[in-house]
Amino acid sequence: MHSLRRVGAALGAATILAGSLTACGNTSGSEYVLHYSTYSNATSDQSKTVQRWAEDVERLTDGAVNVRFHYSESLVGAEESVAATLDGRVDLAQVGSLYAASDLAMYTASELPFESTNPESHLRAINRMYHENETFREDFDRQGVRLLFPLPIGNATLGSTVPTQSLDDLRGRSIRSGGLLSEVMVAAGVNPVAMTATDVYESMERGIISGYTSLGMSNLPTFGLADSTPYIVDPGVGAYASSIVVVNEDLFQEMPEKYQKAVLEAGQRAIGYGLEELDALGSRACEQLLDSGAEFSALPSDELDRLREETGADRQWVSRYEARGYDAQSVLDDYRALIAEENAKSDYVDALPRCLQEAQ
């Protein structure tokens, strides 16, 4: 039986851990036991997507390839995902764009605000960038990992303890945010507060923050926010982050071709699974918000145009990575072109605008 312990680079405690995991894997009877590390919990839309993919892989290989899940950073931290996949501590990992700047620089284009408001187009554009843009893919090849499929993420939602109809209502307030959304918040006159999503509920209750973003509708039930947020705002940012599933390239290449084909065939269905899971949790959040009496609003389009220009996240992204030797502008141009192509083929609508319309 093959298991994840292939690379001798992991020393000390990691080596001890590796041995224990291999021993556990021997009980499955599978030819390959692939250990998957994720920072998501077992019930998130992202984990459910990978669970369905893993079931397909096991079915397509007649049980020869089995995936073992390690949730909520129980095996490695989110910021270690790429390195741990490369050095053999894990075989598969969820990699978030928020943690990928040093390892997968061009992939971070996926978290640029104001680029996509269609989650399906966003997912498919990321997938196509890996297969069609050489500069985008070079980072993956250099890190020794292969992108299998992107994971679902909805549009940025802004939850608030007070009514919010315009940017004037946001200025001077403390709002939980992260990544490039923090730059958007600064441009809006907001004080961005970094904190984990698990701390948002209590922090709002205690008045430490007066709202949150860097979450999508599907995240709200998980953190107790779908029935406790009185005001929900569409900030017009759209996609604000991304995460993907990667596999160690050496492991993938050593697998028999029939197993490689099974892994990839299952991956082709994963985007569809992700959208279904995103829909299910987003719809649950909408129902809970409406039942709790939450009020919905959206920031005016003219204010969003000014906010996008003032933030300048796209210009800063290109400048930052071109200074590091990347042809970042061409990557961004291709990313935008693929989003436009996918938008023309998709009628998908995120849960946030759907719920806003239902609330009217």
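Under a Gaussian network description of the chain, with springs only between Cα atoms under 10 Å, the residue in A323, A93, A187 that fluctuates furthest is A323. Rounded to the nearest 500, the 222 nm mean residue ellipticity of the chain from helices alone is -14500 deg cm²/dmol, with -39,500 (n - 2.57) taken per DSSP H run of at least 4 residues. Where the alpha-carbon atoms of segment 216-264 are placed on the principal axes, they occupy 54, 22, 15 Å, in descending order. The ellipsoid equivalent to the alpha-carbon distribution of segment 277-351 has semi-axes of 33, 18, 13 angstrom, derived from the gyration tensor eigenvalues as √(5λ) and listed largest first. For E73, the residues whose amide H sits under 5 Å from its own are T38, Y39, S40, ignoring neighbours fewer than 5 places away on the same chain, with H placed 1.01 Å from N. Between G189, G207, G179, the residue with the greatest mean-square fluctuation in the GNM of the chain (Cα pairs under 10 Å linked by springs) is G207.
Cα-Cα pairs above 13 Å in segment 40-110: how many percent? Of the Cα pairs, 68 percent sit more than 13 Å apart.
Accessible area, 1.4 Å probe, largest first: how do E342, E183 sort? Please list the in-between numbers first.
Numbers: E342 15, E183 60 Å².
Descending accessible area places them as E183, E342.
Is there a quick way to get the dipole size of segment 254-360? I mean about its Cα centre, with the Cβ of Lys and Arg at +1 and of Asp and Glu at -1; what is the value in debye to the nearest 20? Write out the running numbers ahead of the final one.
Details: 12 positive and 24 negative charges, 69 e Å.
Roughly 320 debye for segment 254-360.
Take D45: with every protein chain present and a 1.4 Å probe, its accessible area is about 10 Å².
Full-extension gain between E287 and R269, please, as 0.36 nm times their residue separation minus the C-alpha to C-alpha distance.
Working: separation 18, 0.36 × 18 = 6.48 nm, distance 2.75 nm.
Extra length available between E287 and R269 comes to 3.7 nm.
Atom-type composition of the exposed protein surface of the chain places 46 percent of the accessible area on carbon and sulfur (1.4 angstrom probe). Spacing of the modelled spin labels on A359 and E341, each 7 Å from Cα toward Cβ, amounts to 3.6 nm. One quarter of the convex hull surface built on the alpha carbon atoms of segment 229-360 amounts to 11.8 nm², the projected area averaged over directions. Entry for the chain at q = 0.06, 0.14, 0.15 Å⁻¹: log10 I(q)/I(0) = -0.22, -1.17, -1.30, Debye formula applied to identical alpha-carbon scatterers, no solvent contribution.
Take the Cα of E202, step 7 Å toward its Cβ, do the same at A101, and the gap between the two points is 2.8 nm. Taking the charge dipole of the chain about its Cα centre, with +1 at Lys and Arg Cβ atoms and -1 at Asp and Glu Cβ atoms, the residue from L148, V331, G172 reaching farthest to the positive side is L148. Ranking of Y130, Y326 by solvent-accessible surface, largest first: Y326, Y130 (1.4 Å probe, protein heavy atoms only, all chains present). Here segment 200-289 is assigned +1 on the Cβ of each Lys and Arg and -1 on the Cβ of each Asp and Glu. Its dipole about the Cα centre then comes out at about 100 debye. The convex hull built on the alpha-carbon positions of segment 139-248 has an orientation-averaged projected area of 7.6 nm².
Dipole of segment 270-360 computed with +1 at Lys/Arg Cβ and -1 at Asp/Glu Cβ about the Cα centre; of A359, G272, S292, farthest Cα towards the positive end is G272. Rounded to the nearest 5, what % of DSSP beta bridges with both residues in the chain are antiparallel? Taking every DSSP beta bridge within the chain, about 50 percent pair in antiparallel fashion.
Taking the Cα centre as origin and putting +1 on Lys and Arg beta-carbons and -1 on Asp and Glu beta-carbons, what dipole magnitude results for the chain, to the nearest 20 debye? Show your work: numbers first, answer last.
Working: 28 positive and 54 negative charges, 151 e Å.
Value, rounded to 20: 720 debye.
The values are calculated or read from the model by the stated rules, or taken from the named source; none is laboratory data. If you're wondering where the values come from, they're calculated on a predicted model, not measured in any experiment. Neighbour counts run over all protein chains shown; Cβ positions are idealised from the backbone, glycine included. Just the protein is used for accessible areas: all its heavy atoms, side chains included, with ligands, DNA and RNA removed. Shrake-Rupley method; radii C 1.70, N 1.55, O 1.52, S 1.80 Å.
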